[in-house]
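Trainee: Take a look at this one; I'll ask things after.
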Amino acid sequence: MRFGWRAISGPALAAATLLLAILLDLHVAVLSLAPLLVGIVALAGALSGLASAVASAAVAVIGAALLLLNHHGVSFYAAADLLPLGLLAITAAGTAGITGLMRERLLGTFAAERQSHATAARLSAALDQVDIGIVLLDAETRAEFINRAFRDYFAVPDDIADDKPPFIALMYHGRDTGAFELPEDELGTFIAQRMEMVRIGDATPINIALRNGEVLRFVCAALPDGGRMLSYTPVTDLVRHTDAPSRADYYRSLRDPAARKLIRYLRVAE
C-alpha cells in the first residue's frame, strides 16, 4: 500500500470517528456506529484500494471493541455484545474485499482502455503515412476511419471524412467532384456495382481510373465483425506501361505524394 492521503484517509477517519464516540460515550449514549464505520471502509476501498479498506476495517473492529469495553466493562464478553461486534467484523471485511477488488478491476479496465486508444492512435498515424487509400467501414457501411491518402485521392474535406459518412456518400462525393474518369451516364452503374461489392464483401480487385490520370486498384476485404476494409492502391505505372513513352514522367509524377497534395490544393481553390 502506497502511503498518501488516499491510503491513510480511511483508517484515519475510522480512528477519529471511534475516538470521538468514546469521548462522547462518557457523557451521552452513543448510537450504533456500525453503518458509519462500514461506509468509511467502503470509502477507503474506493479511494485507495484493498489494503486501505482492510486497514480501515481492522481499525473499525478494534475501535468498536474498545467502545463496547468502555461502555459495558467486563460484560463486553457477553454473547449479546459479541454478536453485533462479529456482524460488524464480517460486514466490514466483506465491504473491504468488494470495494477494494472492484477498484482494482476498474483501474485495470481503464488502463486497458487507455492502452487500446493509444494503440489505435499510433495505427491511425501510421496509416496516414502510406500512399494506399484505406477506408474502414462498420457493419452498416459507415466509414469509421478514412486515411490521408484516400482524402487526397478523392479530395474529401476533413470535416466530411471525420463525420463518419456512409460509403454511398463518399461515392457520391467522388461523382460530384468529377474524380472518376467515366462518362456521366455510366457513373450510376459504376456506383451501384461498387456498393454491391462492398455489401457482399467481394474481394475481386477492380482498377479505378481517376480523371487526373491516376489509377487505383480497389479491393474490398470482409472483416470478422461484419465491417469492411477498402484499399485503394496506386497502380498507375503498372496500368499505364503501354501508354506513350513521352508521358511516362507525367504518370510517375502522379505517384509523388507532394503532387497529390498539389492536386488537392488546386481542387480546393477551384
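Read the figures in this text as sums done on the coordinates, not as results from a lab. Model, not experiment: these values are computed from the prediction. Virtual Cβ from ideal backbone geometry, glycine too; neighbours counted across all protein chains shown.
Trainee: Suppose every Lys and Arg Cβ carries +1 and every Asp and Glu Cβ carries -1, with no other charges. What dipole size does the stretch 112-238 come out with about its Cα centre, to the nearest 20 debye?
Mentor: So the magnitude is around 300 debye.
Trainee: Follow-up question, since we're still on this one. Skipping prolines and chain starts, which residues have an amide H placed within reach, meaning under 5 Å, of the one on Phe180, given they are 5 or more residues away or on another chain?
Mentor: Hits under the 5 Å cutoff: Arg211.
Trainee: Hey, what do the phi angles of the stretch 32-41 turn into as Karplus ³J(HN,Hα) couplings, whole Hz, using 6.51/-1.76/1.60 and θ = phi - 60°, x for Gly and Pro?
Mentor: 4, 9, 4, x, 5, 5, 5, x, 5, 4
Trainee: While we're on this one: Label-point separation (nm) for Leu85 and Glu140, each offset 7 Å from Cα along Cα-to-Cβ?
Mentor: Label-label distance for Leu85 and Glu140, simple model: 6.2 nm.
Trainee: Also: Please list the equivalent ellipsoid semi-axes of the stretch 160-218, computed as the square roots of five times the alpha-carbon gyration tensor eigenvalues, in descending order and whole angstrom.
Mentor: Largest first, the stretch 160-218 gives 17, 16, 12 Å.
Trainee: Something else about it: Does the stretch 83-147 come out rounded, prolate or oblate, given a ≥ b ≥ c as the square roots of the eigenvalues of its C-alpha gyration tensor, rounded meaning a/c under 1.5 and, failing that, prolate meaning a/b above b/c?
Mentor: Because a/c hits 1.5 or more and a/b exceeds b/c, the stretch 83-147 counts as prolate.
Trainee: What are the ³J(HN,Hα) values, in whole Hz, obtained from phi via the Karplus relation 6.51 cos²θ - 1.76 cosθ + 1.60 with θ = phi - 60°, for each residue of the stretch 190-197 in sequence order, with x given for Gly and Pro?
Mentor: 4, 5, 4, 5, 5, 5, 5, 4
Trainee: GluC sites (Glu not before Pro) within the stretch 156-234: which are DSSP loop residues with at most 14 other Cβ atoms inside 10 Å? Could the numbers behind the result be given before it?
Mentor: Values: sites: Glu181, Glu184, Glu186, Glu196, Glu214; in loops: Glu181, Glu214.
Passing sites in the stretch 156-234 are Glu181.
Trainee: Tell me, what ³J(HN,Hα) does each residue in the stretch 113-129 have, in order and in whole Hz, if you take phi through Karplus 6.51 cos²θ - 1.76 cosθ + 1.60 with θ = phi - 60° and put x for Gly and Pro?
Mentor: 5, 4, 5, 5, 5, 5, 5, 5, 5, 5, 5, 4, 5, 5, 5, 6, 8
Trainee: Next up: Can you give the log10 of the normalised intensity I(q)/I(0) at q = 0.13, 0.16, 0.18, 0.27 Å⁻¹, computed with Debye over equal Cα scatterers of the stretch 103-177?
Mentor: -0.48, -0.65, -0.75, -1.23
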